[in-house]
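Structure first, then comments.
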Amino acid sequence: MSGKASSSQSSVGLSGPGGLSHVYIQYPPLQCEISGSRGLFYDDGNKLLLSPTLDQVFSWKTMPFSPLVAPTSDTISEGPILSIRYSLDAKLIAIQRSNREIQFWHRETGETFSQSCRSESESILGFFWTDCPLCDIVFVKTSGLDLFAYNSESKSLHLVETRKLNVCWYAYTHESRLVLLASGMQCKTFNGFQLSSAGIIRLPRFEMAMAKPEANSKPVLAAEDIYIITVYGRIYCLQVDRVAMLLHSYRFYRDAVVQQGSLPIYSSRIAVSVVDNVLLVHQVDAKVIILYDIFADSRAPISAPLPLLLRGLRRFNSSASRSGREDIESSEANVVSGNETITYGDEWIFLVPDLICDVASKCLWKIHLDLEASSAIAASSSEMPSVLEFLQRRKLEANKAKQLCLAIVRTIILEHRPVPMVARAMDILVTNYSHSIKTGSYLKGIKSEKTSPSTVPHVSSPSAVAEVTASRVGALEKSVQHEFAAGVDSELFNRSSTLLSSDSEDNAISEPQKTNSSDIHFFYGKVDGENLMGAETSSTDVQPTSLQHQLLGPSNNALNANAPEQQEAQLTSPAISPDQMYSFIFAPIEEEMVGDPSYLVAIIIEFLHSANSEKVKVHPNLYVLTIQLLARYERYAELGLYVINKIVEPSKEVALQLLESGRQNIQTRKLGLDMLRQLSLHHDYVLFLVQDGYYLEALRYARKYKVNTVRPSLFLEAAFASNDSQHLAAVLRFFSDFIPGFQSTSDHNTYYRILNEMNSSIAA
């Protein structure tokens, strides 16, 4: 494993709370200081940080990460410890005592047994547990791989298979289940195996690229130069080329290993982390981090390099009040438990995906991505749609990503950015929402699920995914609408494998092994999950905008990794529904914008086009808003075209608004009446005909469509108001003929008397 920081250490220096960065670590860390500790070990198969003493081993769970988690302990015997890890079922403890022997402890009974090399010419480089059906544990030796199965009855290991290879060193990760074996004079030739619950897959042999130095010397690739990561469910290997100052990327497929390009590096020492599928490249010498989203084709960084911040540390301020405590952020140093913690110090070990172990301070930090800062930094560019695409791919803080997307769109509209740019933004949001509905991720976001580590995730083929109806989605949305609205109000507007198939977005990642470290040794196990087979088809300085202030390969079978340990969250999808677009974008903006509504109407029309192309149902009130805007500035002809051409979809709400806006324009009101009739809203249609004085036409319509829900008194009042006795007589006769018992009602008696009076006055 790599990840040890450079020897250059900066002096203590604190940045104020206004320090800006897109990545931070949160105080307090997980303290792992145990008296008599013989070092720290990381078991990524069980997500445990281990600290053995002379006769005990203490373990802390690192997922879910909690700085207050208490350690558990197990008794072990004395002896050297090169590596240590628990079995995936947590029943056994395996300790590598030497390069020839591994000792096993049964936790319940305390019984022990050992397994040694059979040949004097070979040595053990390391081991890892696996849930492969063929074996339980794998020894990596200089002569290849030994696959053993554990016999619970005899409490011993049984050799299942041997893979003979020359091995200089190896790298293995938990999520990928992929082991890479380095060989050759320069250690740049690799054999790869993936041991998953589906079986064993051997990858094609391949060589990594290494630039030649000017001298005749040949550089040797070290284990510290290799990182196996899992991003968006895809398995990559990142290789540091110190001569070319590049970070080469390789992606694994069933029958090929394909180089996917290279990223520039600016430090002789780097480390790699992955947070929410975002690649973090730590430029250790420069003490900055560069972010990449390798889902996109572009190899450009997401934003400018910025330092790693420490947040949440409270220090006593003697010059302040008695409480005298303030939150500060440090990009250089802070004090933790009496020990000076220096960013990128010699004793920092980076654990992929998102952990940092400070060996000197005996503590563990978790790396966090600040979406708000990242978006504000990137928002200074003209590539605003790219920022939205980036945010729509975030899952760990989906609610914040959603709020930031809403804030970005709201701001670019208020700033009157070019319509094509806003239209592109609308396309991104609508397309992502449509995709999340079809794949079911939007509903998973509404009702979050936490998968237990022992559960094998089930992956459905795209054809098996059923579309969710808009009515079902709408009903589920209402259950979380109130909570989301509260978050928006407070945080948004107040700020003014197998070889992989689909692009599943699993984001748990591990890091390769580092074989030599004086104080800490990190080895890798396996995830409790399953890889499934499938097929896959195949930014310069700018001026800040107001948004900154508001937000601060080829077609093949690809190697897939699963991440069952998903963090439970209230919202796991940042997709924005059309209802939310109306409630949190268009409705508030309409209140703020003044003057000619042409721009806002153009934006709404672009949104409607996007929704129509994705067959997404739009909130009826958005059509109502469009009508209100056009009618307010008496653009009735344009309004009529939108209705006739079905750009404005018919609905009862739209029809009622057309009738309301049509008080000043008869043609618009007629459009509203026609829409009621088209929608078969017979009661409303008859009612408005009567209100407009067309009561005889309303009677004929009511008779034809058997509308009996409108009170007769409304027709009689309208006929009386016309001062036409013949019309009043016709209405009375109609209800007398078609409503049984009408002649005995008070309405009949009243208007029959009125009719007689009208006839008497005419005769006189």
Practice prompt. Give the residue that is surrounded by the most Cβ atoms within 10 Å (Cβ to Cβ), with candidates limited to residues of the stretch 248-269 that are over 26 Å from the mean Cα position of the chain (by Cα) and of a type in the set (A, V, I, L, M, F, W, C).
Written response: ILE265
Practice prompt. Inspect the stretch 186-195 for any residue being within 29 Å of the chain's Cα centre (by Cα) and under 30 Å from CYS132 (Cα atoms) and give the result as yes or no.
Written response: yes
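For the stretch 415-429, what are the residues that are part of a helix (DSSP H, G or I) and open to solvent by 10 Å² or more (accessible area, probe 1.4 Å)?
Narrowing the stretch 415-429 to residues part of a helix (DSSP H, G or I): 419-429.
Across the stretch 415-429, the qualifying residues are VAL419, PRO420, MET421, ALA423, ARG424, ASP427, ILE428.
Hey, does the stretch 172-179 have a residue that's out of contact with any Ser or Thr (no Cβ under 9 Å at 6 or more places or on another chain) and open to solvent by less than 50 Å² (accessible area, probe 1.4 Å)? Write out each step before concluding.
The first filter runs over the stretch 172-179 and keeps only residues out of contact with any Ser or Thr (no Cβ under 9 Å at 6 or more places or on another chain), leaving none.
No, the stretch 172-179 has no match at all.
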Discussion item. List the residue pairs whose Cβ atoms are under 6 Å apart, where the first residue sits in the stretch 139-156 and is closer than 30 Å to CYS187 by Cβ, the second is of a type in the set (S, T, N, Q) and open to solvent by less than 40 Å² (accessible area, probe 1.4 Å), and the two are 6 or more positions apart or on different chains.
Written reply: THR142/SER123
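Of the residues that sit in the stretch 92-103 and are touching a strand residue (DSSP E or B) at 6+ places or on another chain (Cβ under 7 Å) and more than 23 Å from PHE193 (Cβ to Cβ), which one is most open to solvent (accessible area, probe 1.4 Å)? I'd like the intermediate steps shown before the answer.
Keep residues of the stretch 92-103 that are touching a strand residue (DSSP E or B) at 6+ places or on another chain (Cβ under 7 Å), which gives 92-97, 99-103.
Pick out the ones that are also more than 23 Å from PHE193 (Cβ to Cβ) and you get 93, 95, 97, 101, 103.
Numbers: ILE93: 2, ILE95: 0, ARG97: 20, GLU101: 59, GLN103: 32 Å².
Filtering first and then ranking leaves GLU101.
Those residues that are open to solvent by less than 50 Å² (accessible area, probe 1.4 Å) and either of a type outside the set (Ser, Thr, Tyr) or touching a His at 6+ places or on another chain (Cβ under 6 Å) (or both), I need them from the stretch 748-764; list them, please. Before the answer, list the steps.
Start the filter on the stretch 748-764 by keeping residues that are open to solvent by less than 50 Å² (accessible area, probe 1.4 Å), which leaves 748, 751, 754-755, 758.
Answer for the stretch 748-764, where residues must be open to solvent by less than 50 Å² (accessible area, probe 1.4 Å) and either of a type outside the set (Ser, Thr, Tyr) or touching a His at 6+ places or on another chain (Cβ under 6 Å) (or both): HIS748, ILE754, LEU755, MET758.
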Worksheet item: Can we say VAL624 is open to solvent by less than 50 Å² (accessible area, probe 1.4 Å), over 19 Å from ALA423 (Cβ atoms) and not aromatic (Phe, Trp, Tyr)?
Response: yes
Worksheet item: Is it true that some residue in the stretch 270-281 is of a type in the set (Ser, Thr, Tyr) and open to solvent by 10 Å² or more (accessible area, probe 1.4 Å)?
Response: no
Practice prompt. Report whether or not ALA209 is modelled with pLDDT under 95, surrounded by fewer than 17 Cβ atoms within 10 Å (Cβ to Cβ) and under 17 Å from PHE252 (Cα atoms).
Written response: yes
Worksheet entry | Number of the exception - PRO597 against (1) open to solvent by less than 40 Å² (accessible area, probe 1.4 Å); (2) modelled with pLDDT of 90 or more | (2)
Discussion item. So VAL707 ticks every box in (1) within 22 Å of HIS682 (Cα to Cα); (2) not in a loop (DSSP other than H, G, I, E, B) but one. Which box is left unticked?
Written reply: (2)
Practice prompt. Consider GLU697 carefully, then state whether it is open to solvent by 30 Å² or more (accessible area, probe 1.4 Å) and not in a loop (DSSP other than H, G, I, E, B).
Written response: yes
Discussion item. I need the full set of residues from the stretch 611-626 which are under 14 Å from TYR582 (Cβ atoms) and part of a helix (DSSP H, G or I), in order please.
Written reply: ALA611, PRO620, ASN621, LEU622, TYR623, VAL624, LEU625, THR626
Worksheet item: LEU238: in a strand (DSSP E or B) and over 27 Å from ASP136 (Cα atoms), yes or no?
Response: yes
Discussion item. Report every pair of residues separated by at least 6 positions or lying on different chains whose Cβ atoms are under 6 Å apart, first residue within the stretch 717-746 and under 16 Å from ALA698 (Cα atoms), second modelled with pLDDT of 85 or more and open to solvent by 80 Å² or more (accessible area, probe 1.4 Å).
Written reply: LEU728/PHE720
Worksheet item: How about the stretch 124-166: which of its residues are of a type in the set (Lys, Arg) and open to solvent by less than 50 Å² (accessible area, probe 1.4 Å)?
Response: LYS141
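Residue by residue, here is whether (1) hydrophobic (A, V, I, L, M, F, W, C); (2) assigned to a loop (DSSP other than H, G, I, E, B) holds:
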residue: SER176; (1), (2): no, yes
residue: GLU224; (1), (2): no, no
residue: ALA244; (1), (2): yes, yes
residue: ASP255; (1), (2): no, yes
residue: VAL258; (1), (2): yes, no
residue: LEU263; (1), (2): yes, no
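Quick grid of which residues meet (1) among the basic types (Lys, Arg); (2) open to solvent by 20 Å² or more (accessible area, probe 1.4 Å):
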{"site": "GLY39", "(1), (2)": "no, no"}
{"site": "TYR42", "(1), (2)": "no, no"}
{"site": "ASN46", "(1), (2)": "no, yes"}
{"site": "LEU54", "(1), (2)": "no, yes"}
{"site": "LYS61", "(1), (2)": "yes, yes"}
{"site": "PHE65", "(1), (2)": "no, yes"}
{"site": "LEU68", "(1), (2)": "no, yes"}
{"site": "PRO80", "(1), (2)": "no, yes"}
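Has the stretch 642-655 got at least one residue that is in a helix (DSSP H, G or I), within 30 Å of ALA730 (Cβ to Cβ) and open to solvent by less than 30 Å² (accessible area, probe 1.4 Å)? Quick ask: steps written out before the conclusion?
Residues of the stretch 642-655 that are in a helix (DSSP H, G or I), as a first pass: 642-644, 652-655.
If we keep only those that are within 30 Å of ALA730 (Cβ to Cβ) too, we end up with 655.
Now restrict to residues that are open to solvent by less than 30 Å² (accessible area, probe 1.4 Å): 655.
Within the stretch 642-655, one or more residues are in a helix (DSSP H, G or I), within 30 Å of ALA730 (Cβ to Cβ) and open to solvent by less than 30 Å² (accessible area, probe 1.4 Å).
The values are calculated or read from the model by the stated rules, or taken from the named source; none is laboratory data. These figures come from a predicted structure and were not determined experimentally. Note: ideal-geometry Cβ built from the backbone for every residue, glycine included; neighbour counts use all protein chains shown. Quick note on the areas: whole protein, heavy atoms, side chains included, nothing else; ligands and nucleic acids left out. Shrake-Rupley method; radii C 1.70, N 1.55, O 1.52, S 1.80 Å.
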